[in-house]
């Protein structure tokens, strides 16, 4: 009878963990307004396990107690659940696609708008601005970089990076087709660097939830390269419908996972060959 008892104990432990997960996610929503309840559970548990180790919590209930009573822990956890910050020009192949696919598409529009949904920090947004400036598109462009985490929106809006980050990114920038010294696009002060004002003003940072908010504009391109794979099936379909409602016909969509035949509006997109799932809306 020992084997059945062992299985019973394992099942009970998993049930408790699932309950603790649901309670923690509900607490994050009720207390802080951040809704992770429709996220993929496997992806969430990996991040929550890391948070438990970092904060010395033996259980998810213990982590929840710390989150509800210690603002520092709450802020840290919400940062851990946000998209991981990308380095400048961190994916040279993707940047080449920005040059070869996105920029030519945007040139056809008189006043194009690009939406970076759940932006992976200033590394992603600044990289895009520099690329489009070099491709002659940025002068007539608006980039909207959104995140659900309002604290991160504020931080990214006023961000500076260590100058060493520019030095590290120079090789990647050149490999992706960059034609100048990367530092030419930055102002430097006391060992820190930030994007030149004429480029930075093209980026609008704002708080926006893919989970709850409605379409807020029409865009000629939507980039979502960091979170779609973290969403549960229902939320994924909701977000794909949102993107369809927000993307102009013949606009470009870049995702972090390929569209499935059963995905919302999959039949209205034409795949563009490349390293990531790139699509053009044709219907």
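The values are calculated or read from the model by the stated rules, or taken from the named source; none is laboratory data. Fair warning: this is a prediction, and the values are worked out from it, not measured in the lab. Note: ideal-geometry Cβ built from the backbone for every residue, glycine included; neighbour counts use all protein chains shown.
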- Query: When you go through 184, 180, 193, 168 one by one, which is the residue that is more than 23 Å from the chain's Cα centre (by Cα), over 15 Å from residue 124 (Cα atoms), assigned by TED's automatic domain parsing to the domain that holds residue 135 and not in a loop (DSSP other than H, G, I, E, B)?
  - Reply: 184
- Item | Residue check, residue 211 touching a helix residue (DSSP H, G or I) at 6+ places or on another chain (Cβ under 9 Å), crowded, with 20+ Cβ neighbours inside 10 Å and closer than 23 Å to residue 47 by Cα | no
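Conditions tested, residue by residue: (1) without any contact (Cβ under 8 Å) to a residue 24 or more places away in the chain; (2) more than 23 Å from residue 86 (Cβ to Cβ); (3) in the same structural domain as residue 141 (by TED's automatic domain parsing); (4) assigned to a helix (DSSP H, G or I).
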position	(1), (2), (3), (4)
214	no, yes, yes, no
222	no, no, yes, no
242	no, no, yes, yes
253	no, no, yes, no
257	no, no, yes, no
263	no, yes, yes, no
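Rundown of residues vs (1) modelled with pLDDT of 95 or more; (2) surrounded by 14 or more Cβ atoms within 10 Å (Cβ to Cβ); (3) more than 30 Å from residue 130 (Cβ to Cβ), yes/no style:
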{"site": "43", "(1), (2), (3)": "no, yes, yes"}
{"site": "55", "(1), (2), (3)": "no, yes, yes"}
{"site": "64", "(1), (2), (3)": "yes, yes, yes"}
{"site": "68", "(1), (2), (3)": "yes, yes, yes"}
{"site": "83", "(1), (2), (3)": "no, yes, no"}
{"site": "99", "(1), (2), (3)": "yes, yes, no"}
{"site": "103", "(1), (2), (3)": "yes, yes, no"}
- Note on the structure: Selection over segment 139-157 where residues are in contact with a strand residue (DSSP E or B) (Cβ under 9 Å, 6 or more places away or on another chain) and farther than 30 Å from residue 37 by Cα yields a count of 2
- Task: Might you let me know whether segment 106-114 holds any residue that is within 21 Å of the chain's Cα centre (by Cα) and without any contact (Cβ under 8 Å) to a residue 60 or more places away in the chain?
- Result: no
- Query: Out of curiosity, is residue 76 without any contact (Cβ under 8 Å) to a residue 40 or more places away in the chain and outside any helix (DSSP H, G or I)?
  - Reply: no
